[in-house]
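Down below is the structure, laid out as structure tokens.
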Amino acid sequence: MRNEIIKTDKSNNHGLSLSSAKNEMRGLLNQFWNMFDFPKTQDGASELKVEVSNTKDSVVVYAEMPGVAEEDMDIELSSDGYLTVSGEKRKHVSEKCDNGCFSEVYYGKVSRTIPLPWDLDYNQADAEYNNGVLSVSIPKSPQEKQKFKKINVKKNK
């Protein structure tokens, strides 16, 4: 909550002047929209939204990266099991606004490091980018594929 002294205006009975009511509404709207900003990482980049899918043969990581060109993406796999995806969305329009501008489009760096708790074949990893979504597919090693066994459930008699 904001601690603010509200000045009264004798022109109305609500205790707020029209200009302070507009400012209050603008402040509330800004707080509302700021809740939807991308969370920031330690290096100041915004954090990517990801989805990790675990299939029988591989692990696939999907990352939303709309507006990021392929040449501005960086994908790294560490030997200790971390996938780091980063990129930068560059502003294409440089228009000067003398009377004010309004933009809800995010420009800048995005980054995310995802721990991968599986034994994976990093040499066979592959990445594709389509319609703003990056998918990184990493096959499981033969040892990882053998770690799980299907257990049948028997009906209790």
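None of D126, D80 is among the charged types (D, E, K, R) and modelled with pLDDT under 90 except D80.
Return yes when K40 is among the charged types (D, E, K, R) and either loosely packed, with under 11 Cβ neighbours inside 10 Å or modelled with pLDDT of 65 or more (or both) and no when it is not. No; evaluated as a whole, the condition is false for this residue. It is to be established whether one or more residues within the stretch 144-156 are surrounded by 12 or more Cβ atoms within 10 Å (Cβ to Cβ) and at pLDDT 90 or above. No, because not a single residue in the stretch 144-156 is surrounded by 12 or more Cβ atoms within 10 Å (Cβ to Cβ) and at pLDDT 90 or above.
The values are calculated or read from the model by the stated rules, or taken from the named source; none is laboratory data. Only a predicted model underlies this, so the values are computations on that prediction, with no experimental measurement involved. For neighbour counting, all protein chains shown are included, and Cβ atoms are generated from backbone atoms with ideal geometry for every residue, glycine included.
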